[in-house]
Amino acid sequence: MMLFVKLLLAHLLGDFLLQPTAWVKDKEKQQYKSVYLYLHTLLHGILAWIIVGEMAFGKWALVLAITHGFIDFLKLHFQKNKTKRLWFVVDQALHVLILLGIAYFYHHQKIVFYDFDNRFWIVATGIILLTKPTSITIKNSISIWTPEEQNQKDDSLENAGNYIGILERLFVFFFIITGHFEAIGFLLAAKSIFRFGDLKEAKDRKLTEYVLIGTLLSFGIAMVTGFVVEFALQSL
């Protein structure tokens, strides 16, 4: 299990945190001609090898990199503007299946990387999952309901909503794994109070529903991740 957790952590880092938006746009435009497709592929192999921390994993890291690049190539080749959301889900599902396959066929009973124990890897993966990966997942999931008002420029800070969502998910996550469930209610109430003024001035039912869906999805994913991580920690 821990090998899969480490590979998943490497995947989350390579596919979301360490992949600039400029790389994504260039890949979508140039497809297989984009140099960033191959840099992205190489990055995944290197990250997996480093995080697993064993020289013997080198050939499996190469397999991971090649399969990752091939899956990305298929997505870039076949996706259209209307099917981006679908291909995002298919792309991520295939990557996870590859990670599961590699973890299954790599028969090492114990994997050691410096002095980090299994609890560290479980918590670290949960934290990474709740940052940019969840933000992109929520954005893709509710993109069909984006109100026109959201597409217009406003006076809000650039990417402020994205960072607020990440912070609230991390708060919920740590509240759950530390057993402070009552704090989640206070956090949700505080956000509702601050959001009430914006929604009242907007006078747009669609915008209100859009915000509520995004908020509930964000809190829901954070809570599920927290409970899964807590269960995994207790199972050690």
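The values are calculated or read from the model by the stated rules, or taken from the named source; none is laboratory data. Small disclaimer: the values here were computed from a predicted structure and weren't measured. Cβ sites come from the backbone with ideal geometry, for glycine too, and all protein chains shown count toward neighbours. For accessibility, only protein heavy atoms count, side chains too; no ligands or nucleic acids. Shrake-Rupley method; radii C 1.70, N 1.55, O 1.52, S 1.80 Å.
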Of (1) open to solvent by 20 Å² or more (accessible area, probe 1.4 Å); (2) touching a residue at least 24 places away in the same chain (Cβ under 8 Å), H44 satisfies every one except (1)
Which number in (1) under 18 Å from the mean Cα position of the chain (by Cα); (2) crowded, with 17+ Cβ neighbours inside 10 Å; (3) within 26 Å of K84 (Cα to Cα) marks the one condition that T21 misses?
(2)
In segment 47-56, how many are surrounded by fewer than 20 Cβ atoms within 10 Å (Cβ to Cβ), part of a helix (DSSP H, G or I) and not β-branched (V, I, T)?
2
Could you list, ordered by first residue, the pairs with Cβ atoms under 6 Å in which the first is in segment 18-36 and within 19 Å of P133 (Cβ to Cβ) and the second is open to solvent by less than 70 Å² (accessible area, probe 1.4 Å) and of a type in the set (S, T, Y), at least 6 apart or interchain?
K27/S34
Testing N140 on (1) within 16 Å of T215 (Cα to Cα); (2) at pLDDT 90 or above, one condition comes back false. Which one is that?
(2)
Quick check on my filter: what residues within segment 64-97 are buried (at least 18 other Cβ atoms within 10 Å of the Cβ) and β-branched (V, I, T)?
T67, I71
Some residue of segment 108-117 being part of a helix (DSSP H, G or I), open to solvent by 30 Å² or more (accessible area, probe 1.4 Å) and either in contact with a Leu (Cβ under 6 Å, 6 or more places away or on another chain) or not aliphatic (A, V, I, L, M) (or both)
no
Of the residues that make up segment 1-20, is at least one among the β-branched types (V, I, T), more than 26 Å from N140 (Cβ to Cβ), in a helix (DSSP H, G or I) and touching a helix residue (DSSP H, G or I) at 6+ places or on another chain (Cβ under 9 Å)?
no
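Let me confirm something: among E209, E230, which residue is among the charged types (D, E, K, R), at pLDDT 85 or above and either open to solvent by 40 Å² or more (accessible area, probe 1.4 Å) or more than 19 Å from W121 (Cα to Cα) (or both)?
E230
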